[in-house]
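Below you'll find the structure, written out as structure tokens, and then a few comments.
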Amino acid sequence: MSLHTKTEELYTHYNSLNNVELSREHFQTLFIYFPCLLIVASDGVVDDEEWVFVKYLAKFMAEGYKSSLTRTELENLQKVYYNELEYLINNLEQWKDPFLDTLKSYLDQNDDEKDDILDILHLFADASDGISDDEEEAIEEISNRLNLE
């Protein structure tokens, strides 16, 4: 899967500032699911229950590679994703705009992925005790910014 130039620039920049080098393919998955982190962090605090969702998100992202990895590789990828998600949550201010701006231009060229992202946002927001006002606001902001609806 080739990444277009903006995504490639974000990938290079991200890897240059981070201590884990993700493959392009694995970064692409992280990149696509990034908006889910904004839902998890929508109330400004990631509490213990929300860290469970971060762990679930890491597992969910790694599962996409289940057919091509051994069980150990899959578990390692899940840990890598969890660490990357933790890094992004702790550095959300730095990465929110670059990720969303790049994701918007990516989705402008890959319109078919918009519904999937919107579904996943709702799934993650609803996974706790229904969708909170903060989560609803975050979904609306992300949807508008990425032209999801």
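When only alpha carbons are used to place a centre, the stretch 85-149 and the stretch 13-83 end up 14 Å from one another.
Taking every protein chain into account, the accessible area of the chain amounts to 55 square angstrom per residue (probe 1.4 Å).
With r as the distance between the Cβ atoms of residue 113 and residue 5 and R0 = 25 Å, compute the FRET efficiency 1/(1 + (r/R0)^6) and round to 0.05.
Plugging the Cβ-Cβ distance into 1/(1 + (r/R0)^6) gives 0.90.
Packing here is the average count of other Cβ atoms within 10 Å per residue, and on that basis the peptides 64-70, 26-32, highest first, run 26-32, 64-70. To the nearest 0.05, how large is the calculated FRET efficiency for residue 13 and residue 71 if R₀ is 25 Å and r is the Cβ-Cβ distance? The formula returns an efficiency of 0.15 here.
Per-residue ellipticity at 222 nm from helix content only, as computed over the chain with -39500 (n - 2.57) for each DSSP H run of at least four residues, stands at -25000 deg cm²/dmol.
Note on the stretch 3-146: with neighbouring protein chains present and a 1.4 Å probe, carbon and sulfur make up 46 percent of its accessible heavy-atom surface.
Computing Kirkwood radius over Cα pairs in Å for the structure here picks out one of (i) 15.6; (ii) 17.5; (iii) 16.5, namely (i). Run the quick spin-label model on residue 23 and residue 52: label points 7 Å from Cα toward the beta carbon, then report their separation in nm to one decimal. Modelled inter-label distance: 3.2 nm. The lysines within cross-link reach of residue 96, meaning a Cα-to-Cα straight distance under 21 Å and a gap of 8 or more places when in the same chain, are 6, 55, 104, 114.
Assuming R0 = 35 Å, can you tell me the calculated FRET efficiency for the pair residue 63 and residue 149, based on Cβ-Cβ distance, to the nearest 0.05? Walk me through the numbers before you get to the answer.
Values: r = 27 Å, r/R0 = 0.76.
Calculated transfer efficiency: 0.85.
The values are calculated or read from the model by the stated rules, or taken from the named source; none is laboratory data. From a predicted model like this one, the values you see are computed outputs, not experimental measurements. We place every Cβ from the backbone using ideal geometry, glycine too, and count neighbours over all the protein chains shown. To get the accessible areas, we keep the full protein, side chains included, count just its heavy atoms, and leave off ligands, DNA and RNA. Shrake-Rupley method; radii C 1.70, N 1.55, O 1.52, S 1.80 Å.
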